[in-house]
Structure formats: structure tokens, C-alpha cells
1. Between a first residue in the stretch 43-63 that is more than 11 Å from Gly269 (Cα to Cα) and free of Cβ contacts under 8 Å to residues at least 60 places away in the same chain and a second residue that is in a strand (DSSP E or B) and of a type outside the set (A, V, I, L, M), which pairs have beta carbons less than 9 Å apart while being 6 or more apart in sequence or on different chains?
2. Does Cys151 qualify as being at pLDDT 95 or above, under 17 Å from Gly253 (Cβ atoms), in a loop (DSSP other than H, G, I, E, B) and not acidic (Asp, Glu)?
3. Please go through (1) crowded, with 16+ Cβ neighbours inside 10 Å; (2) at pLDDT 95 or above for Tyr60 and return the number of the only condition it doesn't satisfy.
4. Kindly indicate the residue of the stretch 59-97 that is among the hydrophobic types (A, V, I, L, M, F, W, C) and within 12 Å of Gly272 (Cβ to Cβ) and also farthest from the chain's Cα centre (by Cα) among those meeting that condition.
5. I'd like the full set of residues that are surrounded by fewer than 20 Cβ atoms within 10 Å (Cβ to Cβ) and assigned to a helix (DSSP H, G or I), limited to the stretch 154-180.
6. State which residue is modelled with the lowest pLDDT when the search covers only the stretch 193-231 and only residues that are open to solvent by 50 Å² or more (accessible area, probe 1.4 Å) and of a type in the set (Gly, Ala, Ser).
7. Quick check on the stretch 33-50. Is at least one of its residues closer than 21 Å to Lys2 by Cβ, over 21 Å from the mean Cα position of the chain (by Cα) and hydroxyl-bearing (Ser, Thr, Tyr)?
8. I need a count of the residues in the stretch 1-29 that are aliphatic (A, V, I, L, M), surrounded by 10 or more Cβ atoms within 10 Å (Cβ to Cβ) and over 30 Å from Ser116 (Cβ atoms).
Amino acid sequence: MKIYRIRNFDEFGEHIENNKLALDEHAAFLQSFIPAREKPFVIPGYSYTAKKNVEFLVDYHHSGGTGIVNWRERVCCPYTHYNNRMRATIHLFDLEMEAYPDSTLYLTEQVTPLYSYFADRFHSVVGSEYLGTKIPLGSKNRDGVLNEDLCSLSFPDESFTTLISLDVLEHIPNYELAFRECARVVKPGGRMMWSVPFVPNSPTNMIRAKIVGQDIEHIMPPEYHGDPVAKSKKGILCFQHFGWEMLAQMVEGGFKDAYAMCYQSIEFGYLGGEQFLFVATK
């Protein structure tokens, strides 16, 4: 698997120009498997999480009725049941994050399969969810779920060697404050890995909604994502999709470096064109 580490919009443009043939080959490979009718199908590959060759399961769930495969959320391993993004997160974490069994990890999630994976693997793992005003921040509910606000974390400075935040930051209006809080609780030399809705062709962030006084002002049509805690049908409002300026904002927030890992792999089943995970070092 090739991983390209890219730090800004101009570098990404050069990357696209240099790798056009590989991108076209990837698209042609996918097209050769998609059936004429909308029905589940399989694609062979090697599952990093199962450590074996498998037939990845692909269907049209999470497609929003478009009839287009949501590659990021599907391509599921039949053994571990992790989808494309989950398997890639675990794989790239092992390759990039320099974490050890005694590392101190914080995940901005706690009721998900990925939290369970890391909690089983590392000795010191803290997870949390945002539970609102139901209970005080920094305390746990009856199910043992820790309530944290990423704009006002209860942890002391430099608490963790590793921070993982997956598809959370887009739901925070004051995301730059959240960036600073993440930097605050990471130890010097530590790392943060995160994922967000990302627009690779945009040098700037795309603000979809903002808070004005006590109200939400929608700049673009409202977009909602799944809620792993409340599991409401409506979901959680997405306030922004990020562009390349996000990386500079992470550095301004207290990290020394921030970059995108741009990757795809037919062999490992990381399908759907180029995908992105982000890393910041302190």
C-alpha cells in the first residue's frame, strides 16, 4: 500500500498530476465489479484486521438512495465486520502512530467497535462521548460512558501520548477551540490521528452552519450524520466540511506538524478512490 503524506493544497495538486494513471486504474477496477443491477457483491482482497484473504462484502447501505456504493462505509470484512474506513484506520494507526501497549490513548468515542478494539489492545485507554447537560462534564453515566466536550476537556495538560478522533470534529461549531484542546491534552512528542468530511479540491474549509446567538444559521442545506449514542433518526448536524486550511489551523492550535495521509489499496480493500486520514505531531 502506498501512503502519500501531503501538507497543503499545492502538494495535493502535484500528487494528483503525478498519479493520474493509478487513479484511473483504481476506478476501472471498481467498475469491473459493480453489477448491472443494484445488489450486494464481493471483491477479493486481504483483510488487515482478520490477517487473511477474504471476500469483502459490498452493498448499497449508506448510499442515501443514490444507487452509488458508499465505499468508505462498506467493503466489510466477513470475519471482523469492520468496514473500509475502520480497517484502514487500524492499519494506518499501526504504521504511523508509534503507539506501544503502555501508551496512554484518548478516543473521542466510547460506544463504538473501534473503541472496543483499542481498549482490548492497550493498557491505558480513555474513551468518551458528548452527553450534553444530562450529567456534568468529566463524569460517567450509569452505563459507564464518560461525558466530555471537545471544546472543554476535563483532562490535565499533556495527559495522553495518543489521541484519536474519528468523524467528530465536523459536528463542533468552534472547531478551532477543539483543535487547541486536543493539542493541550497531548504530551510533547505525542500524536493525534483524526478523520473528518474532507474536500480535497478545496484549499479552505466549507462552513455549512454556524451558531448565531442561541440559534443555528444554516448556510447550506442541513446535513446530519449518524448518532452512535442517542441513535436518533435525525442524527447529528454537520457544521463544516474541511479543506486543506485545516492542517495549518492544527499547527496554529499547538501542534508542530500536521499532514494528510492520502491512500488507496486494491489489495487491502481500501476502495473508492483516494481516502484521507490526518495526523498531527506535537
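The values are calculated or read from the model by the stated rules, or taken from the named source; none is laboratory data. Keep in mind it's a predicted model, so treat the numbers as computed, not measured. Here the Cβ is made from the backbone with ideal geometry for all residues, glycine too, and neighbour counts use every protein chain on show. Note: accessible area is taken over every heavy atom of the protein model, side chains too, but ligands, DNA and RNA are not part of it. Shrake-Rupley method; radii C 1.70, N 1.55, O 1.52, S 1.80 Å.
1. Note: pairs meeting the criteria are Lys52/Tyr46; Asp59/Phe41; Asp59/Cys76.
2. Values: at pLDDT 95 or above: yes; under 17 Å from Gly253 (Cβ atoms): yes; in a loop (DSSP other than H, G, I, E, B): yes; not acidic (Asp, Glu): yes.
Taking the combined requirement at face value, the residue satisfies it.
3. Here Tyr60 meets the rest and fails (2).
4. Taking the stretch 59-97 first, the residues among the hydrophobic types (A, V, I, L, M, F, W, C) are 68-69, 71, 75-77, 86, 88, 90, 92-93, 95, 97.
Subsequent filtering for residues that are within 12 Å of Gly272 (Cβ to Cβ) retains 68-69, 71, 75, 88.
Values: Ile68: 21, Val69: 19, Trp71: 14, Val75: 16, Ala88: 10 Å.
So, considering only residues that are among the hydrophobic types (A, V, I, L, M, F, W, C) and within 12 Å of Gly272 (Cβ to Cβ), the one farthest from the chain's Cα centre (by Cα) is Ile68.
5. Those that are surrounded by fewer than 20 Cβ atoms within 10 Å (Cβ to Cβ) and assigned to a helix (DSSP H, G or I): Glu176, Leu177, Arg180.
6. Filtering first and then ranking leaves Ala230.
7. yes
8. Residues of the stretch 1-29 that are aliphatic (A, V, I, L, M), as a first pass: 1, 3, 6, 16, 21-23, 27-28.
In the following step, the residues that additionally are surrounded by 10 or more Cβ atoms within 10 Å (Cβ to Cβ) were identified as 1, 3, 6, 16, 22-23, 27.
Next cut, over 30 Å from Ser116 (Cβ atoms) only: 6, 16, 22-23, 27.
Residues flagged as aliphatic (A, V, I, L, M), surrounded by 10 or more Cβ atoms within 10 Å (Cβ to Cβ) and over 30 Å from Ser116 (Cβ atoms) within the stretch 1-29 amount to 5.
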